[in-house]
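First comes the structure, then the notes that go with it.
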Amino acid sequence: MNDSSLEMQLGILVACLLMSAFFSGSETGLMSLNRYRLKHLRKRNRGAKLALKLLDRPDRLLGLILIGNNAVNILASALGTVIAIRLFGDAGIAIATAVLTVVILVFSEITPKTLAALHPERIAFPAAYVLNFLMKLLGPAVWLMSSISNALLRGLGVDTDRRPEDALSSEELRTVVNESGPMIPPRHKRMLLNILDLEEVTVDDIMVPRQEIWGIDLDDDDAALLARLQGSPHSRVAVYREDISNISGVLHLRTLGQFLQPDGSIDREAIQRAADEPYYIPEGTALNLQLLNFQKLKRRFGIVVDEYGSVLGLVTLEDILEEIVGEFTSGIDDENSEIVRESDGSFLIDAGASIRDINRFLQWDLPSEGARTLNGLMLEHLQTIPEANVGIRIGEYELEIVQLRGRMISRARARRHGTAD
């Protein structure tokens, strides 16, 4: 063998090793691509579009890559052996085996695959052009190999026509959002997670309880009725007679001037005509469904009722939106908040506050499976109408009654056990 022939064989050997590295890196790069990002990029990146097309038929893609990789590796092994025998005689077989094993593993397998795993798009997108051309060029061979492989798999009971599901469950999507890192701002991330939580939260969890509904009793005298209307903290009030369970409508206060007579009296019939028909919501309705119902019916205000039609509370569109974007009102340290931080590290809490709000604001884990308010939770554990200053412990939380209103706890002091004074 002359020197020129040896140089040619060495050149072909190096080319085979480079092609082997290409096929190895291409395989890892394509298989490491994020399918959702790939679908997003395909509209403006032709490499992404070709990569997605190749991945739609993974059996043919793997067939093509393995045909190419095995062909160049076998050729490289044969050339390496011929060259080694020429240079070292019979010992060349062992030398070629040892050297080529290391070279192929390091330079044609491990290194390109590691690089492709770290930068899949930078490797896969350019490689997709070459592989797409090779797929057309070697189509019959790839089809034959894929057909034989699929026939063997079907013989083992594997459905080769079934493709992996790309759809994400709610929990998987939650994980994607949590693992998004700095790609999504923290506030946007919280909003996305809150939207996912809507299907797990019901109107019962966020409703204003029956005893806190602000309404007007049409049977009251004019002075009491006017004071109630003028003192309303809300733009809409419930209209009822005798008892809040007898709600006959919902009144928007922007029309208040229409009901005042020149002599100072109030036209109750006009109030009744102006009030919107009450919209009732069954207890246990999921917030995601109720949000769609509000949108469909063009409503912003609903009365929550139980299976017997008794009024339990009310829910507004704003209440549901706050579950997504957070409170529209001020934080927990402000004067009018339901939760006030004390100097000793404890919190003075309105016992009518929902346990979900308390847990969310304070990052606590008070039990919320049964009672929905702090008052209900404490009464559930005490199992009696208590005296003021009675304290209980629920798990790692210490709760003390500060103020009673009739048979209800109106204010309590709470702290996580072990919090420093």
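For the reader, a short list of remarks on this structure follows.
- Vicinal HN-Hα couplings computed from phi for the stretch 272-283 (Karplus, 6.51 cos²θ - 1.76 cosθ + 1.60; Hz; Gly/Pro x): 5, 5, 6, 6, 6, 4, x, 10, 9, 10, x, 4
- Close amide H pairs (under 5 Å, H built 1.01 Å from N) link I281 with I303, V304, V305, residues at least 5 positions away or on another chain.
- Angle between the chain longest axis and helix 139-155 axis [Cα atoms, degrees, rounded to 10]: 60 degrees
- Rounded to the nearest whole angstrom, the semi-axes of the ellipsoid equivalent to the stretch 58-145, taken from the Cα gyration tensor as √(5λ), stand at 30, 18, 9, largest first.
- Helix 120-137 axis, angle to the chain major axis (alpha carbon atoms, nearest 10°): 50 degrees
- The stretch 63-80 - phi-based ³J(HN,Hα) in whole Hz, Karplus 6.51/-1.76/1.60, Gly and Pro as x: x, 4, 5, 5, 4, x, 5, 5, 4, 6, 5, 5, 5, 4, 5, 5, 5, x
- Counting 0.36 nm for each residue step from R57 to E318 and taking away their Cα separation leaves a gain of 89.2 nm.
- Between the helical axis of 3-32 and the longest alpha-carbon principal axis of the chain there is an angle of about 20 degrees.
- Legend: Rg and Dmax of the stretch 82-223, from Cα coordinates, 31.8, 118 Å.
- Packing-based ranking, highest mean first, of 170-178, 269-277, 56-64 given that Cβ atoms within 10 Å are counted: 56-64, 269-277, 170-178
- Only helices enter this figure: runs of n ≥ 4 DSSP H residues, each worth -39500 (n - 2.57), summed and divided by the residues of the chain, yield -15500 deg cm²/dmol at 222 nm to the nearest 500.
- Solvent exposure, largest accessible area first (probe 1.4 Å, DNA, RNA and ligands not counted), of M183, M135, M8, M19: M183, M8, M19, M135
- Subtracting the Cα-Cα distance of Q383 and R300 from their residue separation scaled by 0.36 nm leaves 26.2 nm.
- Computed accessible area, L260, all protein chains, 1.4 angstrom probe, square angstrom: 80 Å²
- Projected area, mean over directions - the chain, Cα convex hull, nm²: 35.8 nm²
- At q = 0.17, 0.25 Å⁻¹, base-10 log of I(q)/I(0) for the stretch 221-267 (Debye sum, equal scatterers on each alpha carbon): -0.51, -1.08
- Every Cα-Cα pair in the stretch 51-101 was counted, and those over 17 Å apart are 50% of them.
- Subtracting the Cα-Cα distance of F107 and V82 from their residue separation scaled by 0.36 nm leaves 6.9 nm.
- Pairs of alpha carbons in the stretch 243-374 whose separation is greater than 24 Å (percent): 48 percent
- Values of log10 I(q)/I(0), in the order q = 0.18, 0.25 Å⁻¹, for the stretch 335-396 under a Debye, Cα-only, solvent-free model: -0.68, -1.28
- Cα centre as origin, Lys/Arg/Asp/Glu Cβ charges: the stretch 51-153 dipole, Debye: 220 debye
- Where I148, I74, I266 fall by accessible area, highest first, once all protein chains stay in place (1.4 Å): I74, I148, I266
- Modelled label positions at Y280 and V402, each set 7 Å beyond Cα in the direction of Cβ, lie 3.9 nm from each other.
- Calculated P(r) of the stretch 1-154 - Cα pairs past 19 Å, %: 59 percent
The values are calculated or read from the model by the stated rules, or taken from the named source; none is laboratory data. Predicted model, so just to flag it, every value in this text is computed and none were measured. Positions of Cβ are backbone-derived with ideal geometry, glycine not excepted, and every protein chain shown enters the neighbour counts. Surface accessibility is based on the protein's heavy atoms, side chains included, excluding ligands, DNA and RNA. Shrake-Rupley method; radii C 1.70, N 1.55, O 1.52, S 1.80 Å.
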